[in-house]
Amino acid sequence: MKKLKLLFVAILFPFFTFAQSGFEIVPFAGYMFGGSVKFYEGKLNLSDGLDYGVSLIVPIREILDLEVNYTGMQGEAQFTPYSGYPGYTSEKTSMTTSYFQIGVLKSLVLDNPNIKPFGSLSVGATLFNLHDYTDTWSFSVSMGVGVKIMFSDHVGIMLRGRLLMPMSYAGTGAYCGIGTGGSSCGLSVNGYVQPFQGDFNGGLIIAIGN
């Protein structure tokens, strides 16, 4: 719980720094694709389901917004062992998935100022809470495309589709070599997306302030 509180403070600090001139609150709901994780012993399937959350959006420039986002989903995870591992059994447990992200929305300029197509990019952390097991935290990246449609200066809707990509650390390596161009050394950090998720959602824009 202490780690979760510190994470909230770290994510919300930039929001309060830039929110002096006004901001938008966007509660939303949608559908998330759960994905799967492959292990040596078997495969863990994460269920699809309804997701929900809220975005806090602060305009920085005419076409650039800062976004702080929380997305959550209640679902199930089922582990199915491969045939070569008879000692493992198929198990199912309830699970909560939580994304905590901070990033930017970059809009396209159209003739109609009330319609703003945008692309989004964010980074943060994801919590996989398997209720019968331990929690798992992962660094995550989100990319999306969507549109804001404003009906007035203070009310509108936001529609978006996203790729949600928790990253697993796969190791760090160092290398040195000698070639035709001389000697060189370097350091590489490896990671991979696991599981690969995504969602479609729609929300109500409530603009506060200027």
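From the set of residues in the range 82-101 that are open to solvent by 30 Å² or more (accessible area, probe 1.4 Å) and part of a strand (DSSP E or B), which is modelled with the lowest pLDDT?
GLU91
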Requiring at least 2 residues that are surrounded by 18 or more Cβ atoms within 10 Å (Cβ to Cβ) and under 22 Å from the mean Cα position of the chain (by Cα), the strands (runs of 3 or more DSSP E) wholly within the range 17-68 are 23-33, 42-46, 49-61
All positions within the range 195-210 that are under 12 Å from the mean Cα position of the chain (by Cα) and part of a strand (DSSP E or B): GLN197, GLY198, ASP199
Being surrounded by fewer than 13 Cβ atoms within 10 Å (Cβ to Cβ) and in contact with a strand residue (DSSP E or B) (Cβ under 6 Å, 6 or more places away or on another chain), is that true of even one residue in the range 124-135? yes
Scanning the range 1-35 residue by residue, those within 23 Å of GLN74 (Cα to Cα) and at pLDDT 85 or above turn out to be ILE25, VAL26, PRO27, PHE28, ALA29, GLY30, TYR31, MET32, PHE33, GLY34, GLY35
Considering each residue of the range 137-154, count those that are exposed (fewer than 13 other Cβ atoms within 10 Å of the Cβ) and of a type in the set (Ser, Thr, Tyr), and give that number. 1
Pairing a residue in the range 106-124 that is of a type outside the set (A, V, I, L, M, F, W, C) and part of a loop (DSSP other than H, G, I, E, B) with any residue that is at pLDDT 90 or above and loosely packed, with under 13 Cβ neighbours inside 10 Å, where Cβ atoms lie under 8 Å and the two sit 6 or more apart in sequence or on different chains, gives ASN114/PHE151
Answer yes or no as to whether VAL104 is more than 17 Å from ASP199 (Cα to Cα) and either at pLDDT 90 or above or in contact with a Phe, Trp or Tyr (Cβ under 6 Å, 6 or more places away or on another chain) (or both). yes
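The values are calculated or read from the model by the stated rules, or taken from the named source; none is laboratory data. Worth saying up front: this structure is predicted, and the values here are computed from it rather than measured. Cβ: placed from backbone, ideal geometry, glycine included. Neighbour counts: every protein chain shown. For the accessible areas, the whole protein counts, side chains as well, though only heavy atoms, and no ligand, DNA or RNA atoms are used. Shrake-Rupley method; radii C 1.70, N 1.55, O 1.52, S 1.80 Å.
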